[in-house]
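Participant: One structure follows; several queries about it will come next.
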Amino acid sequence: MSTASYTVRAWLLAADARRIAILYLVAMPLVGLAGFLGAVAVQAGILFPAGDLLEAKSYELLGAWHGCGMVLLVLLPAIPAGLGLAVLESRPAPWLALAGWCLWLVAGAVWLAGLVRGEPDLRRCAILGALSLAFTFLSLMLAVRRRQSCGPFAWSIVLSGTAWLARLATGGLEPAPVAPLALVPALGVVAEVVRDSSGGALYGRRLVPWLLGAIAASTFLPWGSRLLALELGPVLAGSLLLAVLPPAALVAALLATVLRQPPARGPALAFAWTSIGLAMISGGGFLLLASAPTNAHLAATAFESAHLHFMAGVVLAAFLAGVHHWRDVIAGRATPEAATGLAALLLFGAWNFAFFPSFVTGYLGRPWGPGALADSFGRLDTISFLGTIGLVAALAVAARDLLRSLFGHAPEPAARLAASKQCE
Amino acid sequence: MTDTARVDTLALAMTLATAGFGLLALWALRRRRPLAPRRLRVMAVAWVVAAVLVLASFALGSYLVARGAPHAEPAIEIDVVARQWMWKVQHPEGRRELNELHLPLGYPVRLRMSSEDVPHALSIPALRVKKFMFVGRETALELKTQQKGQFVLYCAARCGPHNRAMRGTVVVMDLREYLQWARGEVPGESPLEAGRRLYLNLKCENCHRPDGAGRGPALAGLIGRTVTLREGTTLTADEDYVLESIREPDAKVVAGYEPVMPSFAGQLSESQLNALLQYLKTLEGGPR
């Protein structure tokens, strides 16, 4: 590391996993911000329909643009690329990861250029993003094998990577169906954070990889709006409901872990709980989407969109938990811990304000997507808009906390620099 | 319980169960002292068992609600055809409408649906129903309204750029008003023809099969027949009895049958009742 040069060229062609991770960590929030602003424009159109900021067709496009970029360029790679490369990969020249980064840059450029030109090429963006993620996963899976890394995070990466390669082989990159796979690495991070805060061993730890694997496998079940065209027979309906069991059991294991040994509290754990809380709400939404009579009513409505956004919240909170947890590894030196869990609490609250109303409007019949701008739900729309603003505040506090601790200096020597555990 | 209420109850149960697990999780997080290993194991197992039980009961509930939805009852059949970006509706009486769907209150309806171009999906949120529509393949949606009024209907499929224009209104009216509305002007129709039309459209024949094998007795040659009632008494069927049987079927229930016939009291006008009577009189033959 000491010989690494810090020129622009060296950074852009960084063949050092930690640097690539940092590049992602800088670039992904920017892409996320662009996607967020697009969504705010759509939402403002709902709130002030009279103003008619854009044409109907533009809303449609903006909605699709937001979904494609947010899922394929932010939600899915956030944890594998932003955290995985820093924590699990250590080769001096991880070419696969570098290829993934270059593809991601191109995909991001295609995505942003699409917005500027007004006719996004979402197919190309999705394919490039998917390939980029495949390279990242391959790099990580090889690293896990080589270093014999162990623990929920390493498992979750291997399992979701396998699922992702299978997904690429079977095709289909619509954002909504592929998004749930991002839950696997997220839950991996959460489990690892809980484990490390609570004495270093998970309750029922032999079961945890199986549960993660079951979650990864269940993302291949068709559900939600795709069931409109399918008959939700008893077998499919049953297996969809069964898909709730592995995450429920995983949450049980995590709760038992902290009940066995009360955890050392800190911002990482606070975000982990935020993540679990959002996951439980999202899981409740999933129940309604997975049962035939309610599915017939709710699929393809704002309800499904709310469910998806709660899943996104799970990933975001897990990501922030991971950044706090592995901040020393990312910064490459000992760093101080952020003082409070305030940001995590704010995030939980704001996320609920911003997205819970969509569960209700969806139940009342608002279709998914900007297609339903004509209908206003008055107070619910206002709450949701205020929630979005609250979200900005929560993320600002979270960013401040993170930057403070990443750039601060810890008084004590680096104790947690060992990135990932070896298998026993 | 109505279908809408059933779906709502199921949704509510799922929401409450989720909230229950959330509260349990909160309790676990707030606890500061470690839990003894035995109690811990009990807790973890109880959580998973509870989750399994809750899911199983939801599976059962979903199955029951879903099975309850299709009505084994007779239904007014309405054709709905979707195309980019409009709804075309034709009622059994022959009346057509565009982007509006008139439905009779409380009377079972079967929508026979298809598409002329791309897949569409008819969604009526207030009735908690939605169904896909395809080209060259008929799908059916069976429903029974519970409330008069106007409701939104829209296309829930990604059917193209003007998807959001593809919305319409469901107008729920009394059966009698509906029938009047649906009949529109049928010039020069005799009472007999009107009776026949009502008899077919109201699906009387689904229960009153000519061979007597339906859920109700065969109606051919009813007037003048000796009818045995549930209580064991007998009477000779005359016009008043027939009219009463249609208005208030439960007043005199025929022996050997369940009182399942819907009441048409207040649903049919005097002239419609009379038309039905005229038509019933013309039915010939019958097993008894």
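The values are calculated or read from the model by the stated rules, or taken from the named source; none is laboratory data. Values in this document were obtained by computation on a predicted structure and should not be read as measured data. Please note: Cβ atoms are built from the backbone with ideal geometry, for glycine as well, and neighbour counts cover all protein chains shown. Just so you know, the surface numbers come from the protein's heavy atoms only, side chains and all, with ligands and any DNA or RNA stripped out. Shrake-Rupley method; radii C 1.70, N 1.55, O 1.52, S 1.80 Å.
Participant: Consider only pairs whose beta carbons are under 8 Å apart and that are at least six residues apart or on different chains; among these, list those whose first residue lies in segment B:85-98 and is within 20 Å of B:Ala156 (Cβ to Cβ) and assigned by TED's automatic domain parsing to the domain that holds B:Leu153 and whose second residue is of a type in the set (A, V, I, L, M, F, W, C) and in a loop (DSSP other than H, G, I, E, B).
Facilitator: B:Trp85/B:Cys159; B:Trp85/B:Met166; B:Met86/B:Met166; B:Trp87/B:Met166
Participant: Is one or more of the residues making up segment B:255-273 surrounded by 13 or more Cβ atoms within 10 Å (Cβ to Cβ), over 19 Å from B:Tyr199 (Cα atoms) and among the small types (Gly, Ala, Ser)?
Facilitator: Within segment B:255-273, one or more residues are surrounded by 13 or more Cβ atoms within 10 Å (Cβ to Cβ), over 19 Å from B:Tyr199 (Cα atoms) and among the small types (Gly, Ala, Ser).
Participant: Checking B:Ile78 against (1) more than 7 Å from every other protein chain (Cβ to nearest Cβ); (2) in a helix (DSSP H, G or I), which single condition isn't satisfied?
Facilitator: The one condition B:Ile78 does not meet is (2).
Participant: Taking the stated definitions as given, is B:Asp3 surrounded by 15 or more Cβ atoms within 10 Å (Cβ to Cβ), under 30 Å from B:His102 (Cα atoms) and out of contact with any helix residue (DSSP H, G or I) (no Cβ under 8 Å at 6 or more places or on another chain)? Reasoning before the result, please.
Facilitator: Values: surrounded by 15 or more Cβ atoms within 10 Å (Cβ to Cβ): yes; under 30 Å from B:His102 (Cα atoms): yes; out of contact with any helix residue (DSSP H, G or I) (no Cβ under 8 Å at 6 or more places or on another chain): no.
No; evaluated as a whole, the condition is false for this residue.
Participant: Only one of (1) under 19 Å from the mean Cα position of the chain (by Cα); (2) over 22 Å from A:Leu236 (Cβ atoms); (3) surrounded by fewer than 21 Cβ atoms within 10 Å (Cβ to Cβ) is not met by B:Arg67, so which one is it?
Facilitator: B:Arg67 satisfies all of (1) under 19 Å from the mean Cα position of the chain (by Cα); (2) over 22 Å from A:Leu236 (Cβ atoms); (3) surrounded by fewer than 21 Cβ atoms within 10 Å (Cβ to Cβ) except (2).
Participant: Checking A:Ala290 against (1) in contact (Cβ under 8 Å) with a residue 40 or more places away in the chain; (2) under 24 Å from B:Leu26 (Cα atoms); (3) small (Gly, Ala, Ser), which single condition isn't satisfied?
Facilitator: Status for A:Ala290: all satisfied but (2).
Participant: Determine, yes or no, whether B:His120 is buried (at least 17 other Cβ atoms within 10 Å of the Cβ) and touching a Cys at 6+ places or on another chain (Cβ under 6 Å). Before the answer, list the steps.
Facilitator: Values: buried (at least 17 other Cβ atoms within 10 Å of the Cβ): yes; touching a Cys at 6+ places or on another chain (Cβ under 6 Å): yes.
Taking the combined requirement at face value, the residue satisfies it.
Participant: Would you pick out the residues in segment B:215-232 that are on the phi > 0 side of the Ramachandran plot and in contact (Cβ under 8 Å) with a residue 40 or more places away in the chain?
Facilitator: Filtering segment B:215-232 down to residues on the phi > 0 side of the Ramachandran plot leaves B:221, B:224, B:232.
Residue satisfying the conditions is B:Gly221 alone.
Participant: When the residues of segment A:263-272 are filtered to those that are open to solvent by 10 Å² or more (accessible area, probe 1.4 Å) and either assigned to a helix (DSSP H, G or I) or of a type in the set (Phe, Trp, Tyr) (or both), which remaining residue is farthest from the other protein chains (Cβ to nearest Cβ)? Quick ask: steps written out before the conclusion?
Facilitator: Within segment A:263-272, the subset open to solvent by 10 Å² or more (accessible area, probe 1.4 Å) is A:263-266, A:268, A:270.
The next check asks that each one be either assigned to a helix (DSSP H, G or I) or of a type in the set (Phe, Trp, Tyr) (or both); those that pass are A:268, A:270.
On the way: A:Ala268: 15, A:Ala270: 10 Å.
Only one residue fits best here, namely A:Ala268.
Participant: Moving on. Output the helices (runs of 4 or more DSSP H) that fall wholly within segment A:149-262 and possess 3 or more residues being open to solvent by 10 Å² or more (accessible area, probe 1.4 Å) and of a type outside the set (A, V, I, L, M, F, W, C), or say none. Lay out the reasoning, then the answer.
Facilitator: Values: elements: A:152-170, A:175-178, A:183-197, A:208-218, A:234-242, A:245-260.
Qualifying helices (runs of 4 or more DSSP H): A:152-170, A:183-197, A:208-218, A:234-242, A:245-260.
Participant: Report yes if A:Ala331 is buried (at least 24 other Cβ atoms within 10 Å of the Cβ) and in contact with a helix residue (DSSP H, G or I) (Cβ under 7 Å, 6 or more places away or on another chain), otherwise no.
Facilitator: Details: buried (at least 24 other Cβ atoms within 10 Å of the Cβ): no; in contact with a helix residue (DSSP H, G or I) (Cβ under 7 Å, 6 or more places away or on another chain): yes.
So A:Ala331 fails the test.
Participant: Given the conditions (1) under 22 Å from A:Thr294 (Cα atoms); (2) open to solvent by 40 Å² or more (accessible area, probe 1.4 Å); (3) of a type in the set (D, E, K, R); (4) within 14 Å of another protein chain (Cβ to nearest Cβ), report the number of the one that B:Arg110 does not fulfil.
Facilitator: It fails just one condition, (4).
Participant: Mind checking whether some residue in segment B:164-172 is among the basic types (Lys, Arg), part of a strand (DSSP E or B) and open to solvent by 40 Å² or more (accessible area, probe 1.4 Å)? Full working, then the answer.
Facilitator: Initial filter on segment B:164-172 (among the basic types (Lys, Arg)): B:164, B:167.
So of that shortlist, the ones also part of a strand (DSSP E or B) come out as B:167.
Those left that are additionally open to solvent by 40 Å² or more (accessible area, probe 1.4 Å): B:167.
Within segment B:164-172 (the criterion being among the basic types (Lys, Arg), part of a strand (DSSP E or B) and open to solvent by 40 Å² or more (accessible area, probe 1.4 Å)), the answer is yes, since at least one residue qualifies.
Participant: Do the conditions hold for B:Val52, that is, is it within 12 Å of another protein chain (Cβ to nearest Cβ), among the β-branched types (Val, Ile, Thr) and closer than 30 Å to B:Glu142 by Cβ?
Facilitator: Numbers: within 12 Å of another protein chain (Cβ to nearest Cβ): yes; among the β-branched types (Val, Ile, Thr): yes; closer than 30 Å to B:Glu142 by Cβ: no.
In short, no.
Participant: Does any residue of segment B:203-215 turn out to be touching an Asp or Glu at 6+ places or on another chain (Cβ under 8 Å), surrounded by 18 or more Cβ atoms within 10 Å (Cβ to Cβ), assigned to a helix (DSSP H, G or I) and among the polar types (S, T, N, Q)?
Facilitator: No, because not a single residue in segment B:203-215 is touching an Asp or Glu at 6+ places or on another chain (Cβ under 8 Å), surrounded by 18 or more Cβ atoms within 10 Å (Cβ to Cβ), assigned to a helix (DSSP H, G or I) and among the polar types (S, T, N, Q).
Participant: For the list (1) over 15 Å from B:Ser123 (Cβ atoms); (2) facing chain B (nearest Cβ under 10 Å); (3) open to solvent by less than 10 Å² (accessible area, probe 1.4 Å), I need the number of the one condition that A:His297 fails.
Facilitator: Of (1) over 15 Å from B:Ser123 (Cβ atoms); (2) facing chain B (nearest Cβ under 10 Å); (3) open to solvent by less than 10 Å² (accessible area, probe 1.4 Å), only one is false for A:His297: (1).
Participant: Name the single residue that is nearest to A:Met280 (Cα to Cα) among those in segment B:25-46 being at the interface with chain A (Cβ under 8 Å from one of its Cβ atoms), open to solvent by less than 90 Å² (accessible area, probe 1.4 Å) and assigned to a loop (DSSP other than H, G, I, E, B).
Facilitator: Of everything passing the filter in segment B:25-46, B:Arg31 is nearest to A:Met280 (Cα to Cα).
Participant: Exactly one of (1) buried (at least 20 other Cβ atoms within 10 Å of the Cβ); (2) more than 9 Å from chain A (Cβ to nearest Cβ) is unmet by B:Phe132. Its number?
Facilitator: (2)
Participant: Name, by its number, the condition in (1) open to solvent by 30 Å² or more (accessible area, probe 1.4 Å); (2) over 21 Å from B:His102 (Cα atoms); (3) aliphatic (A, V, I, L, M) that does not hold for B:Ala140.
Facilitator: Exception for B:Ala140: condition (2).
Participant: Take the conditions assigned to a loop (DSSP other than H, G, I, E, B) and either at pLDDT 85 or above or within 14 Å of chain A (Cβ to nearest Cβ) (or both) and apply them to B:Met14. Does it pass?
Facilitator: Values: assigned to a loop (DSSP other than H, G, I, E, B): no; either at pLDDT 85 or above or within 14 Å of chain A (Cβ to nearest Cβ) (or both): yes.
Criteria not met by B:Met14.
Participant: Does A:Ala318 qualify as being aliphatic (A, V, I, L, M), within 14 Å of another protein chain (Cβ to nearest Cβ), open to solvent by less than 10 Å² (accessible area, probe 1.4 Å) and farther than 16 Å from B:Val7 by Cα? Show your work before the answer.
Facilitator: On the way: aliphatic (A, V, I, L, M): yes; within 14 Å of another protein chain (Cβ to nearest Cβ): no; open to solvent by less than 10 Å² (accessible area, probe 1.4 Å): yes; farther than 16 Å from B:Val7 by Cα: yes.
So A:Ala318 fails the test.
Participant: With aliphatic (A, V, I, L, M) and open to solvent by less than 10 Å² (accessible area, probe 1.4 Å) as the only criterion, which of A:Leu122, A:Leu140, A:Leu128 stands out?
Facilitator: Numbers: A:Leu122 fails: open to solvent by less than 10 Å² (accessible area, probe 1.4 Å); A:Leu128 fails: open to solvent by less than 10 Å² (accessible area, probe 1.4 Å).
That would be A:Leu140, the only listed residue that is aliphatic (A, V, I, L, M) and open to solvent by less than 10 Å² (accessible area, probe 1.4 Å).
Participant: Quick check on B:Leu235: is it in contact with a helix residue (DSSP H, G or I) (Cβ under 8 Å, 6 or more places away or on another chain), surrounded by fewer than 13 Cβ atoms within 10 Å (Cβ to Cβ) and on the phi < 0 side of the Ramachandran plot? Reasoning before the result, please.
Facilitator: Working: in contact with a helix residue (DSSP H, G or I) (Cβ under 8 Å, 6 or more places away or on another chain): yes; surrounded by fewer than 13 Cβ atoms within 10 Å (Cβ to Cβ): yes; on the phi < 0 side of the Ramachandran plot: yes.
Yes: the conditions hold for B:Leu235.
Participant: In segment B:84-101, is there at least one residue being at positive phi and open to solvent by 20 Å² or more (accessible area, probe 1.4 Å)? Don't jump to the end; show me each part of the working.
Facilitator: Taking segment B:84-101 and keeping what is at positive phi, we get B:94, B:99.
Filter again for open to solvent by 20 Å² or more (accessible area, probe 1.4 Å), leaving B:94, B:99.
Yes, segment B:84-101 contains a residue that is at positive phi and open to solvent by 20 Å² or more (accessible area, probe 1.4 Å).
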